[in-house]
Amino acid sequence: MFLPKIYPITDTRIAKLSHAEQVKKLIEGGAEIIQLREKYASPKDFYEFAKEALKLARQHKVKIIINDRVDIALALKADGVHLGQDDLPPEHARKILGKKAIIGFSTHNLEQAVRAARLPIDYLAIGPVFVTRTKENPESVVGIEDVKKVREAVGDFPLVAIGGITFENFRKVLQMGADSVAVVSNLMSEADKITEKTKKFLSY
């Protein structure tokens, strides 16, 4: 699977914009794949938010990944889903969404990453690499060296690093072997600069 250097994740609380508004700004900045993450809205509301964002993304051939919710990804025919350790197991998500869906899976240590590489997924995520404030109860920081260890252990399996990624540190993370870095706060904290910041990341 091709992974662009930057994998933005929406967050309405940080950006104070709708998912669709964030997607619009990210697309203008050159984003090619965007994850919609919504931890607080009802499933019905998230469905409507994602529907609006997906409509916009399809006009620009940008891929939309739904965080956690296999049902919403299926209902909207989104490009895929990103699952956590406590979500529906990837093998069941694959049965539901089919062979063409993109399925990503979060891991938080080397052992989880090695196991994940054997699952029917398209990429695995490792993190948090650095301290992150986008989750209420984040996992323990894995550190930049563990990104390298995971890369060595999983070979050329598509690898996304996440957690505390900024413009100042993302190059080091890529140098350690990540194919892509997922960015939330550093992109979304200044809503009027989302497009500008996306372009800055991608210009490297």
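Can you confirm whether residue 56 is over 21 Å from residue 3 (Cα atoms), of a type in the set (A, V, I, L, M, F, W, C), out of contact with any strand residue (DSSP E or B) (no Cβ under 7 Å at 6 or more places or on another chain) and at pLDDT 95 or above?
Taking the combined requirement at face value, the residue does not satisfy it.
Residues of the range 71-94 being more than 20 Å from residue 3 (Cα to Cα) and crowded, with 21+ Cβ neighbours inside 10 Å, which ones?
Across the range 71-94, the qualifying residues are 72, 93.
Being under 18 Å from the mean Cα position of the chain (by Cα) and either part of a loop (DSSP other than H, G, I, E, B) or surrounded by fewer than 19 Cβ atoms within 10 Å (Cβ to Cβ) (or both) is the filter here; which residues of the range 187-199 pass it?
189, 195, 199, listed by residue number.
Among the numbered criteria (1) assigned to a helix (DSSP H, G or I); (2) surrounded by 15 or more Cβ atoms within 10 Å (Cβ to Cβ); (3) over 16 Å from the mean Cα position of the chain (by Cα), which one does residue 142 miss?
(1)
When residue 99 is evaluated against the numbered criteria (1) closer than 23 Å to residue 32 by Cβ; (2) under 17 Å from the mean Cα position of the chain (by Cα); (3) outside any strand (DSSP E or B); (4) modelled with pLDDT of 95 or more, which criterion, by number, is the only one it fails?
All conditions are met except number (2).
Restricting to the range 28-75, give me the number of residues that are in contact with a Phe, Trp or Tyr (Cβ under 7 Å, 6 or more places away or on another chain) and assigned to a helix (DSSP H, G or I).
Qualifying residue count for the region: 2.
Go over the candidates 157, 167, 130 one by one and state the one that is surrounded by fewer than 17 Cβ atoms within 10 Å (Cβ to Cβ), of a type in the set (Phe, Trp, Tyr) and not in a strand (DSSP E or B).
167
Please count how many residues of the range 170-179 are touching a strand residue (DSSP E or B) at 6+ places or on another chain (Cβ under 7 Å) and part of a loop (DSSP other than H, G, I, E, B).
Of the residues in that region, 3 qualify.
What number of residues within the range 76-85 satisfy the criterion of being within 18 Å of residue 44 (Cα to Cα) and not in a loop (DSSP other than H, G, I, E, B)?
Residues in the range 76-85 being within 18 Å of residue 44 (Cα to Cα) and not in a loop (DSSP other than H, G, I, E, B): 2 in total.
The values are calculated or read from the model by the stated rules, or taken from the named source; none is laboratory data. Just so it is clear, the structure is predicted and the values come from calculations on it, not from any experiment. Cβ atoms come from the backbone with ideal geometry, glycine included; neighbour counts cover every protein chain shown.
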